[in-house]
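A.B. asks: One structure, as structure tokens, below. Some questions next.
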Amino acid sequence: TLYAAGHQVKTFNPDTTGQTYPSSGAELNAGVNEANSWGADLFVSCHANSLDSSSTGSEVLVRGSDTYGQAIGRKVCSSVSNLLGIRNRELRFPVDKGELNQTNMPAIIIE
């Protein structure tokens, strides 16, 4: 784990809706704001794809200009895929993901 490797990790899960996942832009932005305020070296957001046949597998979303995020994303995607025995859907480069575009540091979203 990251802790075992000596990294500082800050977990942030704004559960203001009573749900187990952030459901609004404000909740997602709260995590970005917390990471920016803390001065994180890497922003990692974990999501869960729906379980239909078109989205089965693991993918990592990253900014196209973020070469460090891409390198980390490739390793994470491969590791998740191998560990869980699911399809590696590789990196994706969305242009409108606020969590990726609003961080002051490299950022990935694990799906």
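The values are calculated or read from the model by the stated rules, or taken from the named source; none is laboratory data. Please read these numbers as outputs of a predicted model, since none were measured by experiment. The protein model used for the area step is the full one, side chains on, heavy atoms only, and it has no ligands, DNA or RNA in it. Shrake-Rupley method; radii C 1.70, N 1.55, O 1.52, S 1.80 Å.
A.B. asks: Could you please let me know if Val32 is assigned to a helix (DSSP H, G or I), over 17 Å from Phe12 (Cα atoms) and not basic (Lys, Arg)?
C.D. replies: No, not satisfied.
A.B. asks: Would you confirm whether or not region 27-50 contains a residue that is more than 15 Å from the chain's Cα centre (by Cα), hydrophobic (A, V, I, L, M, F, W, C) and modelled with pLDDT under 85?
C.D. replies: No - not one qualifying residue is present in region 27-50.
A.B. asks: Please verify whether Ser53 is open to solvent by 80 Å² or more (accessible area, probe 1.4 Å) and at pLDDT 90 or above, treating the condition exactly as stated. Explain how you work it out, then say what you get.
C.D. replies: Values: open to solvent by 80 Å² or more (accessible area, probe 1.4 Å): yes; at pLDDT 90 or above: no.
So Ser53 fails the test.
A.B. asks: Could you run through region 56-107 and say how many residues are on the phi > 0 side of the Ramachandran plot and open to solvent by less than 20 Å² (accessible area, probe 1.4 Å)? Break it down into steps so the answer makes sense when it comes.
C.D. replies: Pass one, region 56-107, residues on the phi > 0 side of the Ramachandran plot: 57, 85, 90.
Filter once more, so that each one left must be open to solvent by less than 20 Å² (accessible area, probe 1.4 Å): 57.
Final tally of qualifying residues: 1.
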